[in-house]
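So the structure is just underneath, and the comments pick up after that.
The values are calculated or read from the model by the stated rules, or taken from the named source; none is laboratory data. Quick caveat, the model's predicted, so the values are computed rather than measured. Note: accessible area is taken over every heavy atom of the protein model, side chains too, but ligands, DNA and RNA are not part of it. Shrake-Rupley method; radii C 1.70, N 1.55, O 1.52, S 1.80 Å.
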Amino acid sequence: GAGASPAKASPRRGRGSPSRKRSRSPGSQWLRQAEDLPEEEGLACMICHEGMSVRPGALLGVYGLVQAMPHLACSLGRVEGRGIGLSRAAAVVAGDAASSTTLASTVSAFHAIHYGCHNRSAAATSRPEWEGAAIRNSRMRTNVMVPLVGARVLPGEFRRAVERYRSAAEAQCGGGATGSLGLFLHDARLALLRMSRSEDLAANVGGGSDATNLNLVLALLDVAKFLFDDGDGERYRDLLKRFRAAAASAADDDGSGGASMLHDAAPFAGVLAVVLLSPEDWAASKAQLFRALIAWPGAPAAAPLAEAAGAWAAAAPKVRYALLLSHLRRARDRGHGPQLNDEAIARIRAALAVDDFSALDLLEEHEGSGSGSGSGSG
């Protein structure tokens, strides 16, 4: 017995050694390769679970629902401030106050997916494209993808995604009145306007939150910045320049309608300022911007914010809009990622929950703190 065991064990070990090598060779190599794969640290595609850090060259987007907003139809000339800085006669023509344009607004639960993964998933089923997408989107309605700006995504591919969004948005509105850049700028403006009015943005989608839609606004602003950097939008730069000049020199309304034009254009100018202005220009212009935004038409432009705001019921949406602009600008200055962090979301929620004139003090205190303190995004 005792002497036979080693003799029997030895050939088993001999036969087992190459066997273990053969069985380990493909399996252990696969495991080592799997262990060596980088893990996605940021927003990840719902299909392949990879994102911008693992596949920086793959275009990532988020599902959204874009819809026409007839209750927010407006005169583009008035809302964009096209008449500001022009002669009175030219301002009337440029302002085009009699016209009314319906624009599109997007909401999102901010569920990410690569465009390639979406296309392959859509091709692999007999379901209509967006019916299948809604299933992937946690059963939430969707009819569009909003592209996320990535440093290594090919510009041509990103442009195609922008045009795909434009086609979907214009299909909802029955035509194109603004061009691609204008669509993203006004989409951001309408989202902020609806949030400032406490609209339930998740009602038609079946999910999402204020946090996911704040992330969406940042994504829309990032796309707008890409389009500006890619050569679009000189007329919007000019509109912002004229708005800033008029707001900086504004005095009591002299009857020409200048204060009223500034007030009407302030929400859109604020979006442009968040995207375009340098930190120094933002710091120099924000007080005039917020005064024009919060003041009612005809109010003294140099009045203190608390006096210009009037009754809180009328002022609250305007103050909330200013707070949203301020926080989003802060996030952009700090180099936000695709999503705001929890601290930033909590700060914005606290600001929007203020229900009296102390919000004006909060706004002034927040603006006085500058954009360089603290850490993290937002």
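Heavy atoms of the protein chains alone define the surface here; on that basis region 58-196 has 40 Å² accessible area per residue at 1.4 Å probe size. Shown for region 105-232: the carbon plus sulfur share of the solvent-accessible area, taken with all protein chains present and a 1.4 angstrom probe, equals 47%.
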